[in-house]
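In what follows, a single structure is set out as structure tokens and then discussed.
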Amino acid sequence: MRRTKRGTARMKRLLVLGLLLWLCALFYVGIFLFVGGFLLVRLEVNRTSTCEDVLSPSAGSQADFCRTQPRFRRAVVLIIDALKVDFARYDHSNLSPRPYENKLPVLQELVSLDRSHAGLFTFQADPPTTTMQRIKGFTTGSLPTFIDVGNNFASSAILEDNLIHQLGQAGKRVVFMGDDTWENLFPKKFHRSLPFPSFNVKDLHTVDNGILQHIYSTMKGEDWDVLIAHFLGVDHCGHRYGPDHPAMADKLTQMNGVIRSVVEHLQNDTLLVVMGDHGMTDTGDHGGESAKETEAALFLYSHAPLFPAPASQAEPPVVPQTDLVPTLALLLGIPIPYSSVGQVLLPLFPPPGHPQGGRSGPDQSEALWVNVKQVNRFLQTYSSMANDIPPDRLSELRAAFAYVSSAYLASVQQGAPASPELLRSMQAYLTSVRDTCRASWARFHPLKMAAGMVLLAGACLLCYLLSELSSAVLTEGALRAPLVAGVCVGVCVAVAQLASQGHLDAPWCLAAAAGSSEVLFLWRHRRRATHSSKSRPSAPSQLVGAALLVLALRCASLLSDSYVIAEGRVVTFLLCSLGLYVPLRLNWDGHLLPPPSPDSQKPPGALPAIPLPAWAVRREGVALCLSLAVLAGSLCLSLALHACREEQGASCQPSAFLAPLARMQDERLRNLHYLLSLAALAAWTHLLYRWLRHYGNLNAPGAPAVFAARWLLPAAAVLTGLHWAVSATPEDSFRSLAELIRLAQSVLPRAAYAALGLGVALLWLDPLTVFVKHRAPASASTHHLPPPPRYRASTGISPQAELHHLIPQLYQRIRHSLEDGPASAAEAAGGSSGQDGRPAVEAYGLGTVYSAPLVLLVGLLGTGVLLLHPESLAPAFLLMLLEAAALLHIHATCTTLSGQQGDHATGFRVPWAPVVLWSLAACQFFHATGHLPTFASLQWGAAFVGFPDGHTGTLLPATLVTLNTFSSHILFALACPLLLFWPLVTEVRCNKSGRSGGEESEDVVMEMRLRENPQQFSSALLQLAARYLFVCGAQVFASVCAAAVLRRHLMVWQVFAPKLMFEASGFLVGSVFLLLGVALVLRVDVAVSGWFKRLLPDASR
């Protein structure tokens, strides 16, 4: 009998976890399928151009373009990462320039000296503006796709035809030095390479100084034809300090000297290219498609005349980055890469019929003709391999090429130069092909998108049903059939695909498995629900209420780009509105008023199960008002911590708390921010420690979890504060201690990681924080007075608090929970109490045995993710803690006042309102910690906290950036089970002064109520997790619908697609930590069962 009961308990734990894992898997498959249809990767054409492809119509069939004398024999390409066009401009009238202004005068000097030798352009980058994608763009000439941004962590080799490959095929020796991303993109393609680690954004000098040690000696030698040097200091300075910082002035001044020295080393047959791969925002970030991120600088120079007919322009003309590829190819005498859709830069080539003055190479008409033929060849090949381009558009392009081809061949046969109209027609054709490809590569897979949306809708429906009928599905075998059916259907689809197509399409196999599993579960549950009226919700009004209305408004706001841009304030408004609605609803229902007299004529059902005394109602009302005040204050203060999007323009000013302390130039302000951050960190640690101590969870000597709370958590906080002090030290200070400071930047965070990791491991190993004291029987003379505990010294709290948090008559309750028969239970209870009526066993911390490990785990992980944020954001985490506590107390107070605490028929239900509030708080603090649903707002510096010298792989930095970005999702999802425990934790406040008369001690059992009702405990935990998944999943579904419906919207790639990626990623991360929180609760339940068995060895016999 006992084994059967214990086995059933284990099965329910496994079933709860299994159901939640299954729900999460359904969401994952739906997201994966939709993203696969929405963010398509374009087809790569793995063909290469040859010298025979570049033939002029007047040349014989034996002519070889690669053997003709090129315009330039050598080229030096200086890539200054993040060199935005504003950095390259020079304004003589600006007498007080900002740190990034007027720092590159050499460019203006060379242009002013002779416009036929030098030219400055605005280098227009295609988004995403990340380094790896930009290198691919200006070496292949192809257009990127949105999903390419995810590959910036792991750069894979470029397979498409590119400039590096063509230079190697032509026998030209390419020497590279600088950013090691090139080595990953072009493995074994360089004649000689000197790569340097590139991912450490805090390192401003290693890469640049390494290049400067070799570039001039290399230029003096003869063993190179093309020299590529990729400087990173400007980009890293922007990430670390922002453009408006003295360090940026120093770095740009250094680059000015580099350009000047390189020009002095140039020969007459060498072309100099100075370019930026992308720009940067006012905060030094990049990755999006704003003008500040896409407008880089391009500077071309040669000692020989470069521009046959220079034009005087006030502003640099705009040149797309793809246009550099065909231009460099023809200037260096190599074929244009096969997949390039760029257009040659005409000002660099002489007009038709214009004397070239001894210069070799094609004129404008010949360059355009070679370019047109290459683009048409790529278009024909690509259209035969993929069906992306609409047939009618393809016919128009073919007709345009036929016209251009016949007109050019006719002019060659007549020996007349090409007319300006023909040149414009060629340019129009090249522009049309590029625009067509850009539009076609943004095409979607509607069937995959629809299937993903259906799966996500089904998963949301399942979450809703499970949340309302959780007790009905917690039976053995409720999940087995859907899982088996899903696996069988998925295998059958896979076999059918292999038999019919010869290959496996994994997304459709997963979709078939998930869909069949959903349908079967819904069908089986519907049949069972019709025969089980008890499983139906008893309060239909709870199904649709203010909470779900707020959730619907939140989902509807995701369909508007304006609301997505202002999401931080929208979520704050919804959170505040719903938070105020809850007490107003309580007052409307009369729960904030003292109960009527016992002789009231109201029906019994109108009163709570156990009416509260008047003093308790007043006390709970005061507590509710204080919690609302803390909530409102936290929300107002957190608004001052938000970042700004580019779309908000000058109307939004980013918070000063978002910048690291090292960026602050005012020493007094920096010290003030540091002290404020230390105070917030100390308050964070103290509040967590004080809560655990208040409820008696720090009394057990030698308990691993108590050791983690008493020592490891404070130690990690101290290490974090020391790391902040070291990181905030300016580089020009304490130069004699530079090595020690660099060592501390590595050792201190790693020590904090180790302490926090050890604390999490100890907590999982033994999560109990219960202290047990066995008391000898008292004399009969003291039977009428309960004496104070005799073992008070170990508790560290007052006698009143110690009595306040005892679990009375523990021994009898243990007997009732472990023994089978009432007779044996009564016998054991009678012999286990002291003569004074007090229990023979007294336990401290048992009333919060489930919530204490969760609170400690949140504290440990919260300290860890705080370490990954800028130091000034410590107040944001303190506000997060206060807001979470306020929401928990509002929920607990409302539960107490509405009478649910004493009504166990509800099964410890957590209403929808606190769940929706909890989810909104997670999103609200995503913005309050300086994050935005844009790639430019990613805080890449988190990857180097503790690793200032960079990483050898990509998994660890990606993990650190993920923990930084979704820290609020992680903490709120992990702490979600506290919504179930908090009303029980605060139950003692109402029972302290005799709410039920003489039975006070019997009622004040706090979280032991869950232990007495294991079926309702499992049901409530599953219900809460399912509701949280539903709320988060509904927001993902809304983002999916917005991306699908508005996929042709002007702002789809700037607003809706990034929002979808962040919303889906936040759900993935949050659901994992929700499962971790539920798993910890179940782990505690297992530990409590073992503790009971050790306390009563007879029960396990």
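The values are calculated or read from the model by the stated rules, or taken from the named source; none is laboratory data. In this text, all values refer to a predicted model and were calculated from it rather than measured experimentally. In this analysis, Cβ positions are derived from the backbone assuming ideal geometry, glycine residues included, and neighbour counts consider all displayed protein chains. Heads up: the accessible areas ignore ligands, DNA and RNA and are worked out on the full protein's heavy atoms, side chains in. Shrake-Rupley method; radii C 1.70, N 1.55, O 1.52, S 1.80 Å.
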Checklist entry - Does the stretch 86-238 classify as rounded, prolate or oblate by the C-alpha gyration tensor (a ≥ b ≥ c root eigenvalues; a/c under 1.5 gives rounded; else a/b over b/c gives prolate, otherwise oblate)? => result prolate
Item to check | Which of Phe877, Phe1030 is most accessible, then next, and so on - probe 1.4 Å | outcome: Phe1030, Phe877
Checklist entry - Given a cut-off of under 8 Å on Cα pairs at least six residues apart, what relative contact order in percent is computed for the stretch 686-769? => result 47 percent
Next on the checklist: Cβ neighbours within 10 Å, averaged per peptide: list 451-460, 200-209 in order, most packed at the top.
Outcome noted: 451-460, 200-209
Checklist entry - Roughly speaking, what is the centre-to-centre gap between the stretch 244-260 and the stretch 1009-1046 when only Cα atoms are used, to the nearest Å? => result 53 Å
Checklist outcome for this item: Carbon plus sulfur, as percent of the 1.4 Å-probe accessible area of the stretch 456-522, comes to 75 percent
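Can you flag which of Lys136/Lys202; Lys84/Lys292; Lys220/Lys251; Lys103/Lys251; Lys136/Lys189 are past 18 Å Cα-Cα? Walk me through the numbers before you get to the answer.
Working: Lys136/Lys202 25 Å; Lys84/Lys292 7 Å; Lys220/Lys251 25 Å; Lys103/Lys251 9 Å; Lys136/Lys189 15 Å.
Beyond 18 Å between Cα atoms: Lys136/Lys202; Lys220/Lys251.
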Checklist outcome for this item: Averaged per residue, the 1.4 Å probe accessible area of the stretch 623-770, protein heavy atoms only, in Å², is roughly 49 Å²
Checklist outcome for this item: The distance between the Cα centres of the stretch 694-715 and the stretch 416-455, in whole Å, is 64 Å
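Just the number, please: carbon plus sulfur as a percent of the accessible area of the stretch 187-266, 1.4 Å probe, no ligands or DNA/RNA counted.
54 percent
Might you tell me the accessible area per residue for the stretch 279-355, computed with a 1.4 Å probe and given in Å²? Please list the in-between numbers first.
Values: 2130 Å² over 77 residues.
About 28 Å² of surface per residue is accessible.
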Item to check | Largest-first ordering by accessible area, 1.4 Å probe, given options Cys625, Cys576, Cys463 | outcome: Cys625, Cys576, Cys463
Checklist entry - Residues of the stretch 73-232: accessible area per residue at 1.4 Å, in Å²? => result 36 Å²
